[in-house]
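To start, the structure itself, in structure tokens.
The values are calculated or read from the model by the stated rules, or taken from the named source; none is laboratory data. In this text, all values refer to a predicted model and were calculated from it rather than measured experimentally. Here the Cβ positions follow ideal geometry from the backbone for every residue, glycine too, while neighbour counts run over all protein chains shown.
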Amino acid sequence: MPDIVSLCLNALTLMSILMLVALGLAIIYGLMGIINLSHGEFVTIGAYTLFTVQAAGGSFWLALVVAPVVGYLLGTVLEIAVIRRLYDRPISTILATWGLSLILQQAIILTYGAAPRPVTAPFEASVQLLGITYPAYRLFLIVFAFAVMAACVLVFRKSPFGLDVRAVIQNAGMARALGVNAERVYRRAFASGAALAALAGVLIAPLVAVTALMGVNYLARSFFVVLVGGAGSIPGVIAGSAFVGGLESLLSTTVPITVAQASVLILAVVIVRFRPQGLVPA
């Protein structure tokens, strides 16, 4: 029983991480159709924001506020300077975002160096839960991730911005005819996706080595989360994260983690082949 509880909690932790990273990607890909290969670097930027804030004497909680702002501002600049000029040019977008990824990686290395940077979690205690001892921070991450998802659902269902996003996703031409500024929606959506990725980076950082390449580890899995769950669908992000995170956690108990990840991605390809709209289409 303790092993099962531990496995379930580990799966929930990974699922929560993938949800936060993939949510921003789902917004960008589902709304704009852009394959953003620089998305993982916003996760890295969030992690390094935590390091910078803590090195300056600030707290984890301050970084949790600062990182999404940094991600949003940088995402806005990149959308205006680069992405906006490449709509309806998918190959050019892939090349441009890949180039941005390399530029951001090298900028981080030049600024902080290639060595891993230390960060600390807001609390180091463990709690007794269902017969096992489990890190309190991981439980916080799970709860916080689902709270962010719930907040995003409310924003997309109730706010004017959310209604505009849904209108543009369904029919951009009709939305423009009804007075929706689609270009502004695209800009805010791209920036919001970057902000969510940076937020995820802060939460992930205490659990992994903070390096300039850390975001790459989550990029491919996040794309498969979006494709398996359904592009542009928040429930799809949850379903895709549960599939990828749960299956990877289960397989990693019996095979090496690299084999587990490869197996999950192969199964994801099979699902996308036979259900291209995803498990929970928008």
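Listed conditions (1) modelled with pLDDT under 80; (2) assigned to a helix (DSSP H, G or I) are all met by A200, apart from (1).
Inspect the range 180-194 for any residue being charged (D, E, K, R), crowded, with 16+ Cβ neighbours inside 10 Å and under 17 Å from the mean Cα position of the chain (by Cα) and give the result as yes or no.
As a first pass, look at the range 180-194 and keep what is charged (D, E, K, R): 183-184, 187-188.
Keeping just the survivors that are crowded, with 16+ Cβ neighbours inside 10 Å gives 187-188.
If we keep only those that are under 17 Å from the mean Cα position of the chain (by Cα) as well, we get 188.
Among the residues of the range 180-194, at least one is charged (D, E, K, R), crowded, with 16+ Cβ neighbours inside 10 Å and under 17 Å from the mean Cα position of the chain (by Cα), which makes the answer yes.
Here I34, I17 are screened, and the one residue that is closer than 24 Å to I83 by Cα and crowded, with 18+ Cβ neighbours inside 10 Å is I34. Among the residues of the range 231-243, just one is of a type in the set (A, V, I, L, M) and more than 16 Å from A145 (Cα to Cα), namely A231. Residues in the range 90-101 that are exposed (fewer than 13 other Cβ atoms within 10 Å of the Cβ) and modelled with pLDDT of 90 or more: there are none. On the basis of being touching a Ser or Thr at 6+ places or on another chain (Cβ under 6 Å), buried (at least 24 other Cβ atoms within 10 Å of the Cβ) and in contact (Cβ under 8 Å) with a residue 24 or more places away in the chain, does V225 make the cut? In short, yes. Contact map, the range 255-282: residues that are under 19 Å from G236 (Cα atoms) paired with residues that are of a type in the set (D, E), Cβ distance under 7 Å, separation 6+ or inter-chain. Pairs shown: V264/E248. Scanning the range 213-222 for residues that are buried (at least 21 other Cβ atoms within 10 Å of the Cβ) and more than 10 Å from L18 (Cα to Cα) yields M214, G215. Which number in (1) under 29 Å from R184 (Cα atoms); (2) in contact with an Asp or Glu (Cβ under 9 Å, 6 or more places away or on another chain); (3) among the small types (G, A, S) marks the one condition that A136 misses? Answer for A136: the failing condition is (1).
So is L251 more than 26 Å from A150 (Cα to Cα) and not β-branched (V, I, T) or not?
Numbers: more than 26 Å from A150 (Cα to Cα): yes; not β-branched (V, I, T): yes.
So L251 fits the description; yes.
Of everything listed in (1) crowded, with 18+ Cβ neighbours inside 10 Å; (2) touching a helix residue (DSSP H, G or I) at 6+ places or on another chain (Cβ under 8 Å); (3) not charged (D, E, K, R), the single unmet condition for F144 is (1). Residues of the range 154-171 being over 14 Å from I234 (Cα atoms) and in contact with a helix residue (DSSP H, G or I) (Cβ under 7 Å, 6 or more places away or on another chain), which ones? Hits for the range 154-171 are F161, D164, A167, V168.
Looking only at the range 56-68, decide whether some residue is touching a residue at least 40 places away in the same chain (Cβ under 8 Å), among the hydroxyl-bearing types (S, T, Y) and surrounded by fewer than 15 Cβ atoms within 10 Å (Cβ to Cβ). Yes, some residue in the range 56-68 is touching a residue at least 40 places away in the same chain (Cβ under 8 Å), among the hydroxyl-bearing types (S, T, Y) and surrounded by fewer than 15 Cβ atoms within 10 Å (Cβ to Cβ).
When P122 is tested against (1) within 30 Å of T13 (Cβ to Cβ); (2) not in a loop (DSSP other than H, G, I, E, B), exactly one condition is not met: (2). Considering the conditions (1) part of a strand (DSSP E or B); (2) free of Cβ contacts under 8 Å to residues at least 24 places away in the same chain; (3) touching a helix residue (DSSP H, G or I) at 6+ places or on another chain (Cβ under 9 Å), Y134 is excluded by exactly one of them, (2).
Go through the residues of the range 1-21 one by one and say whether even a single one is touching a helix residue (DSSP H, G or I) at 6+ places or on another chain (Cβ under 8 Å), more than 20 Å from M149 (Cα to Cα) and not hydrophobic (A, V, I, L, M, F, W, C). Give the steps one after another, and end with the answer.
Our first condition is that a residue be touching a helix residue (DSSP H, G or I) at 6+ places or on another chain (Cβ under 8 Å); within the range 1-21, this holds for 7, 9-21.
Filter again for more than 20 Å from M149 (Cα to Cα), leaving 7.
Next, from what is left, pick out any that are not hydrophobic (A, V, I, L, M, F, W, C): none.
Scanning the range 1-21 turns up no residue that is touching a helix residue (DSSP H, G or I) at 6+ places or on another chain (Cβ under 8 Å), more than 20 Å from M149 (Cα to Cα) and not hydrophobic (A, V, I, L, M, F, W, C).
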